[in-house]
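Heads up, the thing below is written out as structure tokens.
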Amino acid sequence: MFFSIKRKLGGEAAFVLVGNTGGKTFTDDTITQGATGAIYVIQGQHVQVIGSASEQVLVRFGVSGKGLSLEGGESSNMAG
């Protein structure tokens with residue numbers, strides 16, 4: 001089983017594949033400097049079976065306050 005991670009930056013019309021992982025964590029090393037946020041979707045695949053894409057997750061960079069944790073399969077809501 002592995003997961004595909006797709007990302008959409010502000011101004012982009014479509015999601016772009018940024019990587020795959022077989023683990024519970026993923027680091028997006030392709031973010032461009034100056035980006036203020038990104039929207040991600042995650043999709044699991046096992047052999048030939050491809051799962052539905054996750055709900056969209058908004059990640060903001062450089063914003064203070066409670067963030068979002070996706071590590072270990074659990075998540076917490078973002079607070080503004």
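The values are calculated or read from the model by the stated rules, or taken from the named source; none is laboratory data. The structure displayed is predicted, hence computed values, not measured ones. Neighbour counts are summed over all protein chains in view; Cβ atoms, including those assigned to glycine, are modelled from backbone coordinates with ideal geometry.
If we keep just the residues of the range 34-48 that are farther than 15 Å from Gly19 by Cβ and among the hydrophobic types (A, V, I, L, M, F, W, C), which is modelled with the highest pLDDT? Talk me through it step by step, then tell me what you get.
Restricting attention to the range 34-48, the residues satisfying the condition of being farther than 15 Å from Gly19 by Cβ are 34-37, 39, 46-48.
Add one more test, that the residue is among the hydrophobic types (A, V, I, L, M, F, W, C), and what stays is 35, 39, 47.
Numbers: Ala35: 87, Ile39: 94, Val47: 87.
Among those that are farther than 15 Å from Gly19 by Cβ and among the hydrophobic types (A, V, I, L, M, F, W, C), it is Ile39.
Specify which of the listed residues (Gly51, Gly65) is more than 14 Å from the chain's Cα centre (by Cα) and at pLDDT below 90.
Answer to the check: Gly65.
Specify the residue that is surrounded by the fewest Cβ atoms within 10 Å (Cβ to Cβ); the eligible residues are those in the range 1-57 that are aromatic (Phe, Trp, Tyr) and in a strand (DSSP E or B).
Among those that are aromatic (Phe, Trp, Tyr) and in a strand (DSSP E or B), it is Phe2.
What are the pairs, 6+ residues apart or on separate chains, where a residue within the range 29-55 that is at negative phi has its Cβ under 7 Å from a residue that is of a type in the set (Phe, Trp, Tyr) and not in a loop (DSSP other than H, G, I, E, B)?
Every condition considered, the pairs that remain are Ile42/Phe3; Gln43/Phe3; Gly44/Phe3; Gln45/Phe2.
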